[in-house]
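The values are calculated or read from the model by the stated rules, or taken from the named source; none is laboratory data. Since we're looking at a predicted model, the values are computed, not measured. Quick reminder, even Gly has a Cβ in these numbers, built from the backbone with ideal geometry, and neighbours come from all protein chains shown. Areas reflect the complete protein model, heavy atoms only, side chains present, ligands, DNA and RNA absent. Shrake-Rupley method; radii C 1.70, N 1.55, O 1.52, S 1.80 Å.
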Amino acid sequence: MEGDEIMSLVPRTNTLEEKQYLLRYRADSQSHLHVLDNDVCATSCPDKLCTLFCPGEVYKWEGKRMSVGYEGCHECGSCRIGCPYENIKWEYPKGGHGIVFRLA
Amino acid sequence: MSEKFDAIVVGAGPAGTSAAYVMAKAGLNVLLIERGEYPGSKNVMGGVLYRHQMDEIIPGFYKEAPLERPIVEQRFWMMGEESVFTSGYKGLEWSKEPYNNFTVLRAKFDQWYANKAVEAGALLINETVVTECIVEDGRVIGVRTDRPDGDVYADVVVIADGVNSLLGKSLGFHKEFKPSDVALAVMEVIDLPAEKIEDRFNLEPNQGTTIEIFGDATKGILGTGFIYTNKESINIGVGATLSGMIKHRLRPYDLLDYLKSHPIVRPLIRGGEPAEYAAHLIPEGGYNAMPKIVGNGVVLVGDAGQMVNGIHREGSNMAMTAGRLAAETIILAKQANDFSENMLDTYRVRLLDSFVGRDLKKYKDATHTFETHPQYFNDYIPMINKAASQFFTIDGMPKKDKQQKIFRSLTEGKSKLGMVQDIYRAWKVMR
């Protein structure tokens, strides 16, 4: 069994949306994440891997383009390292912006 | 900000703050730059901090630092789908000074620690991103920040910008890390009253437990789950190599939910209120993935230099030692007024000679071996659970017959030579 197959059997303890609501974000007005070439996502990457492994579900495939919900980004760096086409430009949000962990 | 400092430290985590503290204490003029709202606001760690390396920097720090619980028991679980084979050690010598390790919440701890560096004389500036190092004639002479007129100069820059180390990369110290060099970890802090924690984990007040979970926690991909007890909350999380996540098309928060709902885990967190969810990368490439860590006017410390021992869940303690050794070298460099790579290389030599370098070297092939040989997680852990179940089930079969049956069922469908090879391979990378 792989990915979705295994996980379809998992009872949800809380949804990702509920998890994300536990966090405080000071979102900048501009994104610190950029998909460099949307065509690469459309044509070369059938699995759209970033939509799977991103822990904040920042990336969502909207049929023909990748939407980037940078406001919920954990700044972990997985998308930059994990994108097989190096198609994501990844920067830190402006000083003081982005996610604010209170505990962790 | 056109002032010139003796040293600029980028990143107020354990590595950077340790460096800043030691240098400031020796009278150097130190600037500590943090991109978060406060130190710790961007940091995530499962939650175990070892006492010894921090004690070398601030003796007796545990008397005043914001710590959760001293750990008196460390358990290891080899988890099956509805079972667990456990081992571990509980020692009450760890409940007394000077302690072995503690659970901590980083946002609290890092703020406190950075404040100690400020008390020692360092200047802390929050909410500031260092966008690049200023390089002149092949030497780092300062940093450019995202503040207006944000160039700052120093004799030496300490890069402590964490696992993603954009600065290390921009200096050419390393290429982009591979998905197999990093583990993606997600965790939740779950609020639970102290008495419930103490009942469920068999603890006295001000005692803590850690549980490392192998096997079913990651559905067989290379990684571990963990459960750590704080004062009035529990950290529960799971980390696996990013390459494993990609290969198996897994969502990290699905794995976390799987662990939380596992029948063996569920009773430990029942009734708890989720308080925070966090994700972070852990540099697990080890010795083989270590970047260059010294240049002219610059050194690299902590996660930025892949200084993590994933096998032993150590990292922040290694970061602290790296920060201290870097600082001690810079203090000598200041006396000699020589900040060349040649001079600063003392830091690299001392680091590699310390437990940090030696442990990284000892396990240099471990992560890669377990990544490329998934049978350790996929086959052997279920096998151990099955054997234990058969062994402890009393069903009228004489013990001798039972042992033979267990041995037969364990080796079923597996070549005995292959198993011997697996055992030898594991021994070789762990010895």
Residue hits (the range B:287-307; more than 9 Å from the chain's Cα centre (by Cα) and open to solvent by 10 Å² or more (accessible area, probe 1.4 Å)) are B:TYR287, B:ASN288, B:ALA289, B:MET290, B:PRO291, B:LYS292, B:ASN296
So B:LYS260 passes all but one of these: (1) within 12 Å of chain A (Cβ to nearest Cβ); (2) over 20 Å from the mean Cα position of the chain (by Cα); (3) not in a helix (DSSP H, G or I). Which condition number does it fail? (3)
Restricted to the range B:155-198, and to residues that are among the β-branched types (Val, Ile, Thr) and at the interface with chain A (Cβ under 10 Å from one of its Cβ atoms), which residue is farthest from the chain's Cα centre (by Cα)? B:ILE190
Report whether or not B:ILE246 is among the β-branched types (Val, Ile, Thr) and assigned to a loop (DSSP other than H, G, I, E, B). no
Only one of B:ILE221, B:ILE211 is open to solvent by less than 20 Å² (accessible area, probe 1.4 Å) and at pLDDT below 95. Can you tell me which? B:ILE221
By my count, strands (runs of 3 or more DSSP E) wholly in the range B:1-101 with at least 2 residues that are free of Cβ contacts under 8 Å to residues at least 24 places away in the same chain are B:84-90
Would it be correct to say that B:GLU68 is modelled with pLDDT under 95 and within 11 Å of chain A (Cβ to nearest Cβ)? no
With the requirement that a residue be touching a Ser or Thr at 6+ places or on another chain (Cβ under 9 Å) and on the phi > 0 side of the Ramachandran plot, what does the range B:118-171 give you? B:ASP149
The helices (runs of 4 or more DSSP H) lying entirely within the range B:343-431 that contain at least 2 residues which are under 30 Å from B:HIS52 (Cα atoms) and touching a residue at least 24 places away in the same chain (Cβ under 8 Å) are B:355-362, B:366-372, B:416-430
Among the residues that make up the range B:8-31, is at least one of them among the polar types (S, T, N, Q), within 14 Å of chain A (Cβ to nearest Cβ) and open to solvent by less than 10 Å² (accessible area, probe 1.4 Å)? no
Of all residues being in contact with a helix residue (DSSP H, G or I) (Cβ under 9 Å, 6 or more places away or on another chain) and among the basic types (Lys, Arg) in the range A:59-82, which is most open to solvent (accessible area, probe 1.4 Å)? Just the residue, please. A:LYS64
Please go through (1) in contact (Cβ under 8 Å) with a residue 24 or more places away in the chain; (2) facing another protein chain (nearest Cβ under 7 Å); (3) open to solvent by 20 Å² or more (accessible area, probe 1.4 Å) for A:LYS89 and return the number of the only condition it doesn't satisfy. (2)
Condition first: under 10 Å from the mean Cα position of the chain (by Cα), farther than 16 Å from B:ALA278 by Cα and among the hydrophobic types (A, V, I, L, M, F, W, C). Now tell me which residues in the range A:60-104 satisfy that. A:VAL68
What pairs come up if the first residue lies in the range B:120-143 and is within 14 Å of chain A (Cβ to nearest Cβ) and farther than 11 Å from B:LEU167 by Cα, the second is in a strand (DSSP E or B) and at pLDDT 95 or above, and their beta carbons are under 6 Å apart, counting only those six or more places apart or on different chains? B:LEU124/B:LEU32; B:ILE125/B:ILE33; B:THR128/B:ILE33; B:THR128/B:THR145
Can you tell me how many residues in the range B:153-178 are in contact with a Leu (Cβ under 6 Å, 6 or more places away or on another chain) and in a strand (DSSP E or B)? 1
Just to check your reading of the model, which residue among B:ALA278, B:ALA333, B:ALA319 is touching a strand residue (DSSP E or B) at 6+ places or on another chain (Cβ under 8 Å) and within 23 Å of B:ALA183 (Cα to Cα)? B:ALA278
Selected residue (only one of B:GLY323, B:GLY310, B:GLY357 is surrounded by 24 or more Cβ atoms within 10 Å (Cβ to Cβ) and either closer than 27 Å to B:LYS42 by Cα or of a type outside the set (S, T, N, Q) (or both)): B:GLY323
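Okay, residues lined up against (1) in contact (Cβ under 8 Å) with a residue 60 or more places away in the chain; (2) in contact with a helix residue (DSSP H, G or I) (Cβ under 7 Å, 6 or more places away or on another chain):
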{"site": "B:GLU188", "(1), (2)": "yes, yes"}
{"site": "B:ASN206", "(1), (2)": "yes, no"}
{"site": "B:ILE211", "(1), (2)": "yes, no"}
{"site": "B:PHE214", "(1), (2)": "yes, yes"}
{"site": "B:GLY223", "(1), (2)": "no, yes"}
{"site": "B:ARG251", "(1), (2)": "no, yes"}
With (1) under 20 Å from the mean Cα position of the chain (by Cα); (2) over 22 Å from A:GLY98 (Cα atoms); (3) crowded, with 24+ Cβ neighbours inside 10 Å as the list, and B:GLN53 as the residue in question, which single condition is left unmet? (3)
